[in-house]
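Down below is the structure, laid out as structure tokens.
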Amino acid sequence: MLSDASNFIKEVDGVFLFILGISLALLILITILMILFVIKFNRKRNPRPKNIKGNTTLEIIWTVIPTILVVGMFYYGWYGYKKMTAAPKDAFEINVNGKMWAWEFIYPNGKKTDTLVVPIQKPIKLNLKSLDVNHSLYIPAFRIKKDVIPNKDNSLWFIANEAGVYDIACAEYCGLRHSYMYSKLYAIHQNEFDKWYNSKTDTTLTKK
């Protein structure tokens, strides 16, 4: 269960569940109304069609309520999105290069790896750069994704709440070997990270 793997999971999942709940409620309501109308206004019961006059109250209701729901969904999503774009000033920054067909992670001390290693409970900011075509860095367990575009600086940030190994994928078709553009994120405790970060070798952790 990855419910607490990162700091953005509750907001992202909450938006999806909110929209899903509204969609499901509307589906049930519309289906019930359709069935009732089919039964009540079938040809046998109403052999002679009658003209239907407008109902101002009803028209206001079915205009105002959907508007409120749409604005609510927009605000809920926008509120979460704004939090995802504002990285803390004390975030640990790592440069990320996307290229056909691999990820390269460059740390402040010059260490380069093909897997991402981060300490838990610490804000991490990834500065994204493409060396060729469009890519998109996607960490499904953390509910974060950002396009990596040539000649454009993008970034994302997160806090890994739990130690573990998580998938990193490219979510933008980038060529013949796009489906092979996978990597791993290792979230480890701070003391383990410090030991790895300060080691002289460029070897990454053993994949689990």
Q | 222 nm mean residue ellipticity, helices alone, for the chain (DSSP H n ≥ 4; -39,500 (n - 2.57); rounded to 500) | A | -12000 deg cm²/dmol
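Could you give the length gained by full extension between Tyr75 and His189, i.e. 0.36 nm per residue of separation minus their alpha carbon distance, to one decimal place?
Working: separation 114, 0.36 × 114 = 41.04 nm, distance 3.53 nm.
Contour length minus the Cα-Cα distance gives 37.5 nm.
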Q. What's log10 of I(q)/I(0) for the chain at q = 0.11, 0.15, 0.16 Å⁻¹, Debye sum over Cα points only, no solvent?
A. -0.65, -0.98, -1.08
Q. Is region 9-85 rounded, prolate or oblate when judged by the Cα gyration tensor, a ≥ b ≥ c being the square roots of its eigenvalues, rounded requiring a/c under 1.5 and prolate requiring a/b larger than b/c?
A. oblate
(Q) Given contacts defined as C-alpha pairs under 8 Å and at least six residues apart, what's the relative contact order of the chain, whole-number percent? (A) 22 percent
Q: Hey, for a label at Asp167 modelled as a point 7 Å past Cα toward Cβ, could you say which residues of region 1-44 have their backbone N under 16 Å away?
A: 1-3
Q | Packing-based ranking, highest mean first, of 40-46, 150-156, 117-123 given that Cβ atoms within 10 Å are counted | A | 117-123, 150-156, 40-46
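Helix check for the chain. Which DSSP H runs span at least 20 Å along their own axis by Cα, with a mean Kyte-Doolittle hydropathy no less than -0.5? All intermediate terms of the calculation are to be shown ahead of the outcome.
Working: long enough: 9-40 (46 Å, 2.31); 56-85 (43 Å, 0.67).
Counting only whole DSSP H runs, the qualifying helices are 9-40, 56-85.
Can you compute the charge dipole magnitude of region 1-67 about its Cα centre, using +1 on each Lys and Arg Cβ and -1 on each Asp and Glu Cβ, nothing else charged? Give it in debye, rounded to the nearest 20.
With Lys and Arg at +1 and Asp and Glu at -1, about 1020 debye.
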Q | Too-long pairs where the Cα-Cα distance tops 26 Å, listed order kept, from Lys146/Lys200; Lys112/Lys152; Lys10/Lys111; Lys10/Lys184; Lys152/Lys195 | A | Lys146/Lys200; Lys10/Lys111; Lys152/Lys195
Q) With each label point set 7 Å from Cα along the Cα-Cβ vector, what nm distance links Ala91 and Lys145? A) 1.9 nm
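First measure r as the distance between the Cβ atoms of Lys82 and Gln121, then evaluate 1/(1 + (r/R0)^6) with R0 = 22 Å and state the FRET efficiency to the nearest 0.05. Before the final figure, lay out the partial values.
Details: r = 22 Å, r/R0 = 1.02.
So the FRET efficiency works out to roughly 0.45.
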Q) Among the lysines, which have Cα under 27 Å from the Cα of Lys50 when same-chain residues fewer than 8 positions away are ignored? A) Lys40
Q: Find the Rg to Rh ratio for region 112-208, where Rh is the Kirkwood radius over alpha-carbon pairs and Rg uses the same atoms.
A: 0.97
Q. How many nm is it between the label spots at Met34 and Asn46, if each spot is 7 Å from the Cα in line with the beta carbon?
A. 1.7 nm
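At a 10 Å Cβ-Cβ cut-off, how would you order Met84, Met73, fewest neighbours first?
Values: Met84 18, Met73 15.
Sorted ascending by nearby Cβ count, the order is Met73, Met84.
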(Q) Nothing charged except the Cβ atoms of Lys and Arg (+1) and of Asp and Glu (-1): what's the magnitude of the dipole of region 52-160 about its Cα centre? Round to the nearest 20 debye. (A) 160 debye
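Read-outs throughout are calculated quantities, based only on the coordinates presented, and are distinct from any laboratory measurement. Everything numeric in this text was worked out from a predicted model, so none of it was measured. A quick note on method: Cβ atoms are made from the backbone with ideal geometry, for glycine too, and the neighbour counts reach across all protein chains shown.
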